[in-house]
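Undergrad: One structure, as structure tokens, below. Some questions next.
The values are calculated or read from the model by the stated rules, or taken from the named source; none is laboratory data. Here the structure is a predicted model, which is why all the values come from computation and not from measurement. No Cβ is skipped: glycine too gets one built from the backbone with ideal geometry, and neighbour counts run over all protein chains shown. All accessible areas refer to the heavy atoms of the entire protein, side chains included, with ligands and DNA or RNA removed. Shrake-Rupley method; radii C 1.70, N 1.55, O 1.52, S 1.80 Å.
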Amino acid sequence: MRFLWRWLKRAVLLVVVLVLGLLSPVAYVEVMCRGGGVAVPYAALLPEAERRPESRTLMTYPEWHIVHAYADYAAVLAAGDPHDYRFLSGIGGFWSSLCSLSRAAPAHGGVDGPTKQMVYTIGVSFTAELLAKAAYEETLGRLFAALRGGARAPLDGLSARQAADYAVFLQQVPWYRWDFRRDAAELSAGNSGVLRDRERNLALGIEYRVKAAYAGVIAAAVAATGADELRMRVIVTGLSTVELAGLSDVRVVAQRPEGVEIDTPRYRAFTELAQMIAGRGGDFVEIAGNDDILFTAITDAPDPGALISMPLQGRPGARGLYLIKVRDLAAVLRSRPGIEHIHDY
């Protein structure tokens, strides 16, 4: 009994240490990443029901950092192995960007409690996932890759394709809607029987099934609390109501003195739509009741003029975050190459 009790205490202590370790970045952001700015009053044109908090343009980035991390991971897998990905860099990028954005948030109305809770939750989950993945891929995964030799096994190529498809999927659809069980079934069907394939089938199959179970829990929670709005209102000038109504998935709401009010999709679809509007000569007056907006752009090298700039993985270049006025957005889209994503609210 003493032996069992001693190991039980050690197990409990290990769990406590792991939990504290995962929560330490949250404590750091709360204590060390406080901004001192004051929000500048802005008289919104859209009715209150159509407005979204301006700080959300900043707080949407941490979730997109995870999307970009999966894109980087897919780029690494396209030519290499999982252990070539810098897992700690991916984790550090999440928390360092959240720190910088938290410092900027007070000048844009501050961050409400539920949004903070959401960002911290996904950050801790992302950290735990990448640490677990790193612990395996940097040890047993690296060993099996070495035993395989230079030629990739069939499941190396299949898992790289799955990672690339998943990265694209995340740009518009929440992660928990991905069919992880289908991926696991694909691995089993594609297993050639060589040592590396058997290892990939077992390791990734377990990962996919765990994610499938967790995704089911998250989907049920979202269904109970309600999903975020998928559309928003935008005021545009420079294009007629007829031209705007002809754009895919756009609904003209009203002709206003300040411009045309339209109803648009959010997320990746809005970035593509905004580029189309700017390309046809349109300009933005207001988006979801706000006059500031964040966007990311890919640059050849880290940009010291960006709010945040981080090197990419698996391909050359860096990702910069830029905060600008909504009225300047169309001009930036027309003049600047490499625009990656416009962070709506």
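Undergrad: If I ask for residues that are without any contact (Cβ under 8 Å) to a residue 24 or more places away in the chain and either assigned to a helix (DSSP H, G or I) or among the charged types (D, E, K, R) (or both), which ones from the range 180-196 would you list?
TA: Matches in the range 180-196: R182, A185, S188, A189.
Residue by residue, here is whether (1) over 18 Å from the mean Cα position of the chain (by Cα); (2) at pLDDT below 95; (3) of a type in the set (V, I, T) holds:
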| residue | (1), (2), (3) |
| --- | --- |
| R51 | yes, no, no |
| E63 | no, yes, no |
| Y70 | no, no, no |
| A74 | no, no, no |
| L77 | yes, no, no |
| Y85 | no, no, no |
| W95 | no, no, no |
| S100 | no, no, no |
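Undergrad: Against the condition touching a helix residue (DSSP H, G or I) at 6+ places or on another chain (Cβ under 6 Å), surrounded by 13 or more Cβ atoms within 10 Å (Cβ to Cβ) and over 26 Å from L20 (Cβ atoms), how does R142 come out, does it pass?
TA: In short, yes.
Undergrad: Of the conditions (1) within 30 Å of V326 (Cα to Cα); (2) free of Cβ contacts under 8 Å to residues at least 12 places away in the same chain, G35 satisfies every one except a single condition; which number is it?
TA: (2)
Undergrad: Now for a different question. Could you look through the range 26-66, keep only residues that are part of a loop (DSSP other than H, G, I, E, B), among the hydrophobic types (A, V, I, L, M, F, W, C) and farther than 27 Å from E261 by Cβ, and pick out the one that is least open to solvent (accessible area, probe 1.4 Å)?
TA: Among them, the one singled out is C33.
Undergrad: Condition test on A69, is it surrounded by fewer than 20 Cβ atoms within 10 Å (Cβ to Cβ) and assigned to a helix (DSSP H, G or I)?
TA: no
Undergrad: Let me ask something additional. Among the residues in the range 110-133, are any part of a helix (DSSP H, G or I) and more than 23 Å from the chain's Cα centre (by Cα)?
TA: No; the residues of the range 110-133 include none that is part of a helix (DSSP H, G or I) and more than 23 Å from the chain's Cα centre (by Cα).
Undergrad: What number of residues within the range 295-318 are open to solvent by 10 Å² or more (accessible area, probe 1.4 Å) and not in a loop (DSSP other than H, G, I, E, B)?
TA: 6
Undergrad: Between L244, L230, which is modelled with pLDDT of 95 or more and on the phi < 0 side of the Ramachandran plot?
TA: L244
Undergrad: So E199 ticks every box in (1) among the acidic types (D, E); (2) open to solvent by 20 Å² or more (accessible area, probe 1.4 Å); (3) in a helix (DSSP H, G or I) but one. Which box is left unticked?
TA: Single failed check for E199: (2).
Undergrad: So which residues in the range 242-281 are of a type outside the set (A, V, I, L, M, F, W, C), closer than 17 Å to L46 by Cβ and touching a strand residue (DSSP E or B) at 6+ places or on another chain (Cβ under 7 Å), if there are any at all?
TA: Those that are of a type outside the set (A, V, I, L, M, F, W, C), closer than 17 Å to L46 by Cβ and touching a strand residue (DSSP E or B) at 6+ places or on another chain (Cβ under 7 Å): R251, R256, E258, G259, E261, D263, T264, P265, R266.
Undergrad: For the range 222-294, give me every one of the strands (runs of 3 or more DSSP E) that falls completely inside it and has 2 or more residues that are open to solvent by 50 Å² or more (accessible area, probe 1.4 Å) and over 20 Å from R56 (Cβ atoms).
TA: Answer list for the range 222-294: 251-256.
Undergrad: Applying the selection to the range 96-115, what residues are in contact with a helix residue (DSSP H, G or I) (Cβ under 8 Å, 6 or more places away or on another chain) and either surrounded by 20 or more Cβ atoms within 10 Å (Cβ to Cβ) or aliphatic (A, V, I, L, M) (or both)?
TA: S97, L98, L101, S102, A104, A105, H108, V111
Undergrad: Do we find that I91 is without any contact (Cβ under 8 Å) to a residue 60 or more places away in the chain, assigned to a helix (DSSP H, G or I), hydrophobic (A, V, I, L, M, F, W, C) and open to solvent by less than 30 Å² (accessible area, probe 1.4 Å) in this structure?
TA: yes
Undergrad: Restricting attention to the range 152-176, which residues are modelled with pLDDT of 95 or more and open to solvent by 70 Å² or more (accessible area, probe 1.4 Å)?
TA: Of everything in the range 152-176, those that are modelled with pLDDT of 95 or more and open to solvent by 70 Å² or more (accessible area, probe 1.4 Å) turn out to be R152, P154, R161.
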